[in-house]
Amino acid sequence: MLDLPARISDSLLLLIEAQRAVAHLVIDDAQNLVQAVGHLAHYGLDGLAFGGPAADQIPLLEGLLPLAETPFLIRSMEMPSGRVADVHFFADERTVWVLLLDVTAEYEEARLVQQKSYDMTLLSQREARLIAQLEAANQELTRAHRELDASQARLRSEMRDAERYVRAVLPAPMSQPFVVDWRFVPSTELGGDSFGYHWVDDEHFAIYLIDVCGHGVGSALLTVAVGNTLRSEALPGADFRHPAQVLAALNEAYPMERHGELFSTVWYGVYQPRSGSLRYATAGHPSPIVVSGPAGSSECEARALDAKGPCIGITPTARYQEAQCELRSPARLFVFSDGTYEIGRSDGSMMQLADLMATLSQPLGPGQSELDRVLDAARTAHGPGALEDDFTIVKIAL
Amino acid sequence: MLQKKICLLGAFGVGKTSLVRRYVDTIFSDTYLTTVGVKIDKKIATVGSEQMALIIWDIAGEDAVAAVRVSYLRGAAGYLLVADGTRPETLETAASIQSRITAEIGATPFIALLNKADLVEDWAIADDRVQQLEGEGWRFCRTSAKTGNGVEESFAELAALLSR
């Protein structure tokens, strides 16, 4: 306690009374309000009635009386007038004094500081939660990415197996009694091109090339199925020595509405070595090219075996026309898919069938392969990267 | 008329003042205004056929620096313990306050409010933690001072609890 002369302590009291708008209430041991003095209106406590329960008129007193501890302080209590007071409680055995001291200015100052502090804290807490959510999402993405990688690796492995199967069903090149060779470069791991050749009987040699629209698993499955059908001659009622019959039966067996909306172009020919006759029919397929003359000669002449017929799978009642020509040695027959010559050059132009014919009719240098030259021409025209379409070409050299 | 003092307690920013404003004045503001000290409101609640005057003490929230003054609860018949459903740490603050009240004042009726229930996408309080506290005897209500959902019901439930 300050040991001050009475005049100074009185002066201090007056100062506090003036600055803090002091008011006080007195409550007796029956918890009735018996006295209210000071700046009561300042706190919205004017007009109090004496003699009744204090808590009925002054809600802040509810439950606090009798006082459990003294002195007791409630800081910064907002009063009915909107002013803010520190509420001091003092008690002796019979009386409770409640002193109100205005702290509105300090309250406003504290509120501003606290507001800024809480705003910052809430923001940083929110930021921390967002970062945690981002990290969790990132971990989930990483996990999903890892699973996707594994799944893609499995898929790639399965695609490689499928590609191996597609290649496995292709016939090996042959050299007797005439040479048959080929180049097969799918644009993706699985393409829509397939081909085959086999002896129908001792005198008839069948050769065929299939190009299913599109690429990928669906096209590959269909082209392998069509190839197997032709290879195993599994078209009831069709005579595999007659190309038009074969294509008509094939068209009936593979309608696009029952095969994933996929259709295909097919060229089917039957060569009879004894007579040199080649009978053929086409289902929307590019015309094969016959090059007559020795391979190394500058006298070679290239001509296309033009024919017409609808694609396999589009028209249920399609009919096919058969054509025929003579192949006399020395000559080469080239059967190919459109991916062999419909190649976009870097300048935006497209290679044409005439370009392929020109390439094939040029004399070969020593040790050169006609098929490799065609593939090189395609790759040169295309530029770097995989070809846009499947590249398939089959050669019969007589 | 029966008159009861109740308190709202919890961490800062959980929406105690907004709950009181919604209950007493049926208004809500999105602007966050921090509470310093204590603000007292009064509202008449109906419990069955009886009326009860609730003297509602809205007490400044607890933060890292300042703990809730448990002595302010003296004479309170019960309290609402408020947590922010989007801030799990506020439920732990509520648990801490509750244990201090029990230690210093003794068992006092209370209801725990998981406020801001309208912020469904940001909801972060784990169900298993809530179930654990329910196992300890806590009674939970989901509230939204913004929409008013659960607010009237929570105060009414506490009033009913105090009238028994």
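Every number here is computed from the coordinates shown, using simple stated rules; none is lab data. Only a predicted model underlies this, so the values are computations on that prediction, with no experimental measurement involved. Because the Cβ atoms are built from the backbone with ideal geometry, glycine has one as well, and the counts that use them run over all protein chains shown.
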Can you give the longest run of chain A that contains no trypsin sites (Lys or Arg not before Pro) sitting in a DSSP loop with at most 16 other Cβ atoms inside 10 Å?
A:95-240
Point-charge dipole on Cβ atoms (K/R +1, D/E -1) for the protein assembly as shown, about Cα centre, debye to 20
480 debye
By counting other Cβ atoms within 10 Å of each Cβ, how are A:Leu333, A:Leu371, B:Leu161, A:Leu112 ranked from fewest to most?
A:Leu112, B:Leu161, A:Leu371, A:Leu333
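Please compare each pair in B:Lys16/B:Lys39; B:Lys5/B:Lys42; B:Lys116/B:Lys146; B:Lys5/B:Lys146 to a cut-off of 19 Å on the Cα-Cα distance and tell me which ones are over it. Walk me through the numbers before you get to the answer.
Details: B:Lys16/B:Lys39 11 Å; B:Lys5/B:Lys42 9 Å; B:Lys116/B:Lys146 7 Å; B:Lys5/B:Lys146 25 Å.
B:Lys5/B:Lys146, as the Cα separations exceed 19 Å there.
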Can you tell me the dipole magnitude for the stretch A:63-125 around its Cα centre, using point charges on the Cβ only (Lys, Arg +1; Asp, Glu -1), in Debye to the nearest 20?
140 debye
For an R0 of 22 angstrom, estimate the FRET efficiency from the Cβ-Cβ distance between B:Arg129 and B:Tyr32 and round to the nearest 0.05.
0.30
I need two numbers for the stretch B:123-164: Rg to one decimal and Dmax as a whole number, Cα atoms only, in Å.
12.2, 34
Between the stretch A:194-232 and the stretch B:83-133, the alpha-carbon center distance in angstrom:
73 Å
Rg over Rh, two decimals, the stretch A:6-102 (C-alpha only, Kirkwood Rh)
0.96
Contour minus Cα-Cα span, A:Glu299 to A:Arg319, at 0.36 nm per residue, comes to 3.4 nm
Specify which residue in the list A:Leu15, A:Ile27, A:Ala68 is farthest towards the positive end of the charge dipole of the stretch A:6-102, using unit charges on the beta carbon of Lys, Arg (+1) and Asp, Glu (-1), about the Cα centre.
A:Leu15
Looking at the stretch A:119-168, what % of the alpha carbon pairs are farther apart than 13 Å?
70 percent
Anisotropy class of the stretch B:86-164 from Cα gyration tensor, a/c 1.5 cut:
oblate
Given q = 0.06, 0.08, 0.10 Å⁻¹, what are the Debye log10 I(q)/I(0) values for the protein assembly as shown, with equal point scatterers placed on the Cα positions and solvent ignored?
-0.56, -0.65, -0.85
Volume of the Cα convex hull of the stretch A:171-397, divided per residue and given in Å³
121 Å³
Pick out which of A:Glu252, A:Glu342, A:Glu78 has the largest mean-square fluctuation in a Gaussian network model of chain A, springs linking Cα atoms closer than 10 Å.
A:Glu78
With each pseudo-label sitting 7 Å past Cα toward Cβ, what's the A:Thr380-A:Ser349 distance in nm, one decimal?
1.4 nm
Gap in Å between the Cα centre of the stretch A:1-50 and the Cα centre of the stretch A:250-325?
116 Å
Once label points are set 7 Å from the Cα along Cα→Cβ at both B:Ala160 and A:Ile131, what is their separation, rounded to one decimal in nm?
4.5 nm
Between the DSSP loop rule and a limit of at most 16 other Cβ atoms within 10 Å, which GluC sites (Glu not before Pro) in the stretch A:15-76 are left?
A:Glu69
Tell me, in nm to one decimal, what length is gained between A:Asp306 and A:Gln139 on full extension, where the rule is 0.36 nm per residue of separation less the Cα-Cα distance?
54.0 nm
Take B:Val120 and A:Leu2, extend 7 Å from each Cα along the Cα→Cβ direction, and tell me the distance between the two endpoints in nm.
6.3 nm
Note on the stretch B:1-131: C-alpha Rg/Rh, Kirkwood Rh, two decimals, gives 0.96
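I need the fraction of alpha carbon pairs in the stretch A:62-154 separated by more than 16 Å, rounded to a whole percent.
On the way: 3145 of 4278 pairs.
Summing the P(r) tail past 16 Å for the stretch A:62-154 gives 74 percent.
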For a Förster distance of 35 Å, can you work out the FRET efficiency between the beta-carbons of B:Glu104 and A:Ser124, rounded to the nearest 0.05?
0.65
Name the residue farthest towards the positive end of the dipole of chain A from the options A:Tyr118, A:Ala168, A:Gly260, assuming +1 on Cβ of Lys and Arg, -1 on Cβ of Asp and Glu, about the Cα centre.
A:Ala168
Taking R0 as 30 Å, what's the FRET efficiency between B:Glu136 and B:Val65 from their Cβ-Cβ distance, rounded to 0.05?
0.60
